[in-house]
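Asker: Below are the structure tokens for one structure; questions will follow.
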Amino acid sequence: MQWPAGPPKHLILGHLRELRRDRLAFLSRLSSEYGDFVPLQMRRRDVIFINDPSYIEAMVFHRAGDYSKNNLSDFFQPAVRRLLLFEDASSWLDQRRLAQPALRPDRMPAYAEIMIKSAQGMCDAWRETEVIDVATAMRRFTLDILARSLFDLDLAEMAGDAPAIFDAILEDVGARAFSSVYLSFLPTGSNRRSLARFKQGEKMLDALLAKRRPDAEGRRDLLSVLMLNRGEDGELMDADAIKLVVVPLMFAGHETTAMALAWTLYLLAGNPEVADKLRAELETVLGSRPVTGNDLRALPYTGAVFHESLRLYPPIWGFGRQAIRDTELGPYPIPAGTTLFASQWVLHRDSRYFADPLRFDPDRWSNGLAAQLPRCVFMPFGVGPRRCIGSTFAVLEAVIALATICRRFDLEPVAGSEPRLEPLITLRVKGLRLIARRRPHGAKGETVSAMGERDA
């Protein structure tokens, strides 16, 4: 079947100008005006915007072998591209298998204890009526948890550098992905700066690995386990092989959860009635004690608040796949080289699946909505074989953070300050500042174990 007509396009740039101007609004308009299969062109390349969950399901499940995830690889420096595993599907699967044991459910209680202490420490450091740069605070918080829980590392000495390095790389890639011209191989000033940032981060990781290797024996964290892992040839993993596991986790494990938490706090600050209902649940379930790792199932409304935030502001706002051979999608032929693109931002706000979709309403999840939705509608953690393996970790981290923050502080918007959406690789927020007002009867910062036992 012939492709349907898409929107008018520029002779050379195709639809790139509209995407650069406001990509979220443009994609939303495509869905409402042109349907669920919309042909586009980006730099003379064919791109199909798909907004039908059955099409997405076919792409990521039924015909997964026909597509690769290297549609973004051109926008990364070769060194970054290699470590983020965009091009080598078999390598990606191998590294995922190595990381999987560290994220098993039986490891969560130990991680919960780290999350609790980190959340309490963050709140202890906030001063009365302090204006919080929320995105920065959440990045530091999630990076600290990731480093301590998965790698048993204390990043306090480099807390200012590590987030800045990750931020610079992500901002660089996001800007290049929507630029009119980008050639990664040219020695331009921008390319040199980008490569220098990544080399700075890789140098930092190399130093950490060298420091850990003599002390890896007997430790259970992922970093130490990787160092003791032997391949089929009997040789220990070298630093480059370890980084193939560590770097994707570092990128995905702190940035996405940080942005999800930042948007959740923004929504709570703007909807005090929801914040009050969340606190009422915390008071009923926890009483005067702090949250523990065992409380997750007993706090359904707190979890629903986070899920509703993920619906409205999904940290991964869109994803694509590139056809590696001629294939088909529904009734349409898909030639090799075509990129298919879907957007969580658009699907999560689609009135076909969510009543009053722009309203922040955590109660919508109370009657089993998640199980009633088509398979590929609500996908804040992605979908298919590449779905985030750390989703349980992220939800646990978020609920612990929200419970700790909301019991101790009222967060209020700063007058005249309006955050800005910045959809790069993740759905970033710029300019989100909130005033932290300490609650008179908030939970104290006592330390408890993940199983709920108070430390003496």
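The values are calculated or read from the model by the stated rules, or taken from the named source; none is laboratory data. As the structure is a prediction and not an experimental result, all values here were calculated from the model. Note: ideal-geometry Cβ built from the backbone for every residue, glycine included; neighbour counts use all protein chains shown.
Asker: Of all residues being part of a loop (DSSP other than H, G, I, E, B) and under 14 Å from MET59 (Cα atoms) in segment 338-357, which is nearest to the chain's Cα centre (by Cα)? Just the residue, please.
Answerer: Going through the qualifying residues, I end up with SER343.
Asker: Let me ask you something else. For GLU397, all conditions in the list (1) within 14 Å of LEU261 (Cβ to Cβ); (2) in contact with a strand residue (DSSP E or B) (Cβ under 7 Å, 6 or more places away or on another chain); (3) of a type in the set (Asp, Glu) hold save one; what is the number of the exception?
Answerer: All conditions are met except number (2).
Asker: Something else now. Taking segment 222-258 only, how many residues are assigned to a loop (DSSP other than H, G, I, E, B) and in contact (Cβ under 8 Å) with a residue 24 or more places away in the chain?
Answerer: Adding up the residues that qualify gives 1.
Asker: Right, next: Can you tell me which residue in segment 358-384 is nearest to the chain's Cα centre (by Cα), limited to those that are small (Gly, Ala, Ser) and surrounded by 15 or more Cβ atoms within 10 Å (Cβ to Cβ)?
Answerer: For segment 358-384, the residue satisfying everything is GLY382.
Asker: State which residue is surrounded by the most Cβ atoms within 10 Å (Cβ to Cβ) when the search covers only segment 279-304 and only residues that are modelled with pLDDT under 95 and under 23 Å from the mean Cα position of the chain (by Cα).
Answerer: Across segment 279-304, the extreme among qualifying residues is GLY293.
Asker: With respect to GLU412, determine if the residue is under 17 Å from LEU143 (Cα atoms) and touching a residue at least 60 places away in the same chain (Cβ under 8 Å).
Answerer: no
Asker: Is it the case, given these coordinates, that GLN95 is more than 29 Å from GLY384 (Cβ to Cβ) and either in contact with a Cys (Cβ under 9 Å, 6 or more places away or on another chain) or at pLDDT 65 or above (or both)?
Answerer: The answer is no for GLN95.
Asker: Let me ask another. Could you list all residues from segment 328-337 that are assigned to a loop (DSSP other than H, G, I, E, B) and under 18 Å from GLN41 (Cα atoms)?
Answerer: Result: PRO335, ALA336, GLY337.
Asker: Hey, any hits in segment 108-117 for a residue that's over 19 Å from GLY253 (Cβ atoms), more than 19 Å from the chain's Cα centre (by Cα) and modelled with pLDDT of 90 or more?
Answerer: no
Asker: Just to verify a result, which residue in segment 280-302, among those that are in a helix (DSSP H, G or I) and of a type in the set (Gly, Ala, Ser), is farthest from TRP365 (Cα to Cα)?
Answerer: GLY293
Asker: Continuing with this model, one more query. Do you know which residues across segment 329-371 are farther than 24 Å from LEU24 by Cα and free of Cβ contacts under 8 Å to residues at least 40 places away in the same chain?
Answerer: Residues satisfying the conditions are ALA336, ASN367, GLY368, LEU369, ALA371.
Asker: Looking at segment 134-168, which of the residues that are surrounded by 15 or more Cβ atoms within 10 Å (Cβ to Cβ) and not in a helix (DSSP H, G or I) is modelled with the highest pLDDT?
Answerer: Applying the filter and picking the extreme gives ASP152.
Asker: Could I ask something else about it? Just checking, which of ARG197, ARG212, ARG192, ARG219 is touching a Ser or Thr at 6+ places or on another chain (Cβ under 7 Å) and either over 20 Å from ARG96 (Cβ atoms) or in a helix (DSSP H, G or I) (or both)?
Answerer: Going through ARG197, ARG212, ARG192, ARG219 in turn, just one is touching a Ser or Thr at 6+ places or on another chain (Cβ under 7 Å) and either over 20 Å from ARG96 (Cβ atoms) or in a helix (DSSP H, G or I) (or both): ARG212.
Asker: Counting just the residues of segment 10-37 that are of a type in the set (A, V, I, L, M) and over 26 Å from the mean Cα position of the chain (by Cα), which one comes out surrounded by the fewest Cβ atoms within 10 Å (Cβ to Cβ)?
Answerer: LEU11
Asker: Looking only at segment 205-239, which residues are within 17 Å of ARG148 (Cα to Cα), more than 26 Å from the chain's Cα centre (by Cα) and not hydrophobic (A, V, I, L, M, F, W, C)?
Answerer: LYS211, ARG212, ARG213, ASP215, GLY218, ARG219
Asker: Identify, by number, the condition in (1) over 30 Å from ALA58 (Cα atoms); (2) under 22 Å from the mean Cα position of the chain (by Cα); (3) not in a loop (DSSP other than H, G, I, E, B) that ASP276 doesn't meet.
Answerer: The failed condition is (2).
Asker: For segment 358-373, name all the residues that are of a type in the set (D, E, K, R) and either under 26 Å from GLY65 (Cα atoms) or part of a helix (DSSP H, G or I) (or both).
Answerer: Residues satisfying the conditions are ASP363, ARG364.
Asker: Regarding ALA394, is this residue touching an Asp or Glu at 6+ places or on another chain (Cβ under 7 Å), small (Gly, Ala, Ser) and crowded, with 19+ Cβ neighbours inside 10 Å?
Answerer: No.
Asker: Also, quick follow-up: For segment 285-304, state whether one or more residues are closer than 17 Å to VAL134 by Cα and in contact (Cβ under 8 Å) with a residue 24 or more places away in the chain.
Answerer: Checked against the condition, which is being closer than 17 Å to VAL134 by Cα and in contact (Cβ under 8 Å) with a residue 24 or more places away in the chain, segment 285-304 yields no hits at all.
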